[in-house]
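Student: One structure coming up, written as structure tokens, with questions to follow.
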Amino acid sequence: MPKPIYVLNGPNLNLLGSREPHIYGTTTLEDVRVLCEARAVALGHTVVFRQSNHEGQLIDWVQEARQGACAVVINPAGYGHTSVALLDALKTLTIPIIECHLSNPAAREAFRRHTYVSLAATGVVSGFGAHSYELAIEAAAGQSAKADAPA
Ligand code: CA2
């Protein structure tokens, strides 16, 4: 069994499903966790699924992923647009990093068009609501298998 895929969620995503459904949908974060687990298990993987409103906590989990994960899926939420520290932590990883967004930040306010996380990401999935996470799990599993394949 490969190491787990870490799925890390940033600030305010614990409110998913209860506010701004026109932007983020009605799916809760617990629903998203169930979707991620199902997709991962179908692909022979497991997930460690976490959310924090605190930048340092997210950074600690990224550092933990250096040893503990085969890939990271991260929805950095607002910290994607602001956190050089989170970028610095992600840049220490040698495993695939999939940046994931429910909405399509590129189609929203100008300040959402830049994310620091993208500078470290292997790829980005955005705009498909909760399905973005399922696509991100598929990408993480595929990229991790590619990284492990003999040359
Ligand atoms: O589309 C995404 O997934 C975002 O990462 C969500 C962030 C936003 O800052 C990014 O630009 C795009 C916001 C997360 C806040 O989540 C909420 C969920 C429900 C109600 C209120 C906020």
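The values are calculated or read from the model by the stated rules, or taken from the named source; none is laboratory data. Everything numeric here is computed off the predicted structure, so don't read it as measured data. Using ideal geometry, Cβ is built from the backbone for each residue, glycine included, and neighbour counts are taken over all protein chains shown.
Student: Quick check: anything in region 91-98 buried (at least 23 other Cβ atoms within 10 Å of the Cβ), within 15 Å of the ligand (Cβ to nearest atom) and closer than 13 Å to Gly10 by Cβ?
Tutor: For region 91-98, residues buried (at least 23 other Cβ atoms within 10 Å of the Cβ), within 15 Å of the ligand (Cβ to nearest atom) and closer than 13 Å to Gly10 by Cβ: absent.
Student: Ok, one more. Report, by residue number, each residue of region 38-55 that is closer than 24 Å to Gly78 by Cα and surrounded by 14 or more Cβ atoms within 10 Å (Cβ to Cβ). Spell out how you get there, then give the answer.
Tutor: The first filter runs over region 38-55 and keeps only residues closer than 24 Å to Gly78 by Cα, leaving 47-55.
Those that are closer than 24 Å to Gly78 by Cα and surrounded by 14 or more Cβ atoms within 10 Å (Cβ to Cβ): Val47, Val48, Phe49, Arg50, Gln51, Ser52, Asn53, Glu55.
Student: Quick check on Thr115: is it at pLDDT 95 or above, within 16 Å of the ligand (Cβ to nearest atom), in a loop (DSSP other than H, G, I, E, B) and on the phi < 0 side of the Ramachandran plot?
Tutor: Values: at pLDDT 95 or above: yes; within 16 Å of the ligand (Cβ to nearest atom): yes; in a loop (DSSP other than H, G, I, E, B): yes; on the phi < 0 side of the Ramachandran plot: yes.
So Thr115 fits the description; yes.
Student: Moving to a separate point now. Look at region 20-75 and say how many of its residues are among the polar types (S, T, N, Q), within 12 Å of the ligand (Cβ to nearest atom) and under 21 Å from Ser118 (Cβ atoms).
Tutor: Here is the first cut: in region 20-75, the ones among the polar types (S, T, N, Q) are 26-28, 46, 51-53, 57, 63, 67, 75.
Pick out the ones that are also within 12 Å of the ligand (Cβ to nearest atom) and you get 26-28, 51, 53, 75.
Now drop any that are not under 21 Å from Ser118 (Cβ atoms), which leaves 51, 75.
Residues meeting the conditions: 2.
Student: Please find, among Val48, Val84, Val34, the residue that is within 24 Å of Ala147 (Cα to Cα) and modelled with pLDDT of 95 or more.
Tutor: Working: Val84 fails: within 24 Å of Ala147 (Cα to Cα); Val34 fails: within 24 Å of Ala147 (Cα to Cα).
The unique qualifying residue is Val48.
Student: Does region 136-146 contain any residue that is within 11 Å of the chain's Cα centre (by Cα), under 19 Å from Pro2 (Cα atoms) and within 13 Å of the ligand (Cβ to nearest atom)?
Tutor: Yes; the residues of region 136-146 include at least one that is within 11 Å of the chain's Cα centre (by Cα), under 19 Å from Pro2 (Cα atoms) and within 13 Å of the ligand (Cβ to nearest atom).
Student: Taking the condition of being surrounded by fewer than 16 Cβ atoms within 10 Å (Cβ to Cβ) and farther than 23 Å from Ile97 by Cα, how many residues in region 1-27 meet it?
Tutor: Residues that pass the stated criteria total 8.
Student: Restricting the search to region 118-141, which residues are assigned to a loop (DSSP other than H, G, I, E, B), within 17 Å of Leu90 (Cβ to Cβ) and not β-branched (Val, Ile, Thr)? I'd like the intermediate steps shown before the answer.
Tutor: Applying the first criterion (assigned to a loop (DSSP other than H, G, I, E, B)) to region 118-141 yields 120-122, 127-130.
Now drop any that are not within 17 Å of Leu90 (Cβ to Cβ), which leaves 120-122.
Of everything in region 118-141, those that are assigned to a loop (DSSP other than H, G, I, E, B), within 17 Å of Leu90 (Cβ to Cβ) and not β-branched (Val, Ile, Thr) turn out to be Ala120, Ala121.
Student: Of all residues being out of contact with any His (no Cβ under 8 Å at 6 or more places or on another chain) and without any contact (Cβ under 8 Å) to a residue 40 or more places away in the chain in region 109-120, which is surrounded by the most Cβ atoms within 10 Å (Cβ to Cβ)? Just the residue, please.
Tutor: Restricting attention to region 109-120, the residues satisfying the condition of being out of contact with any His (no Cβ under 8 Å at 6 or more places or on another chain) are 109-110, 113, 117-120.
Subset that is without any contact (Cβ under 8 Å) to a residue 40 or more places away in the chain: 109-110, 113, 118-120.
Values: Glu109: 8, Ala110: 6, Arg113: 11, Ser118: 15, Leu119: 12, Ala120: 20.
Within region 109-120, the match that is surrounded by the most Cβ atoms within 10 Å (Cβ to Cβ) is Ala120.
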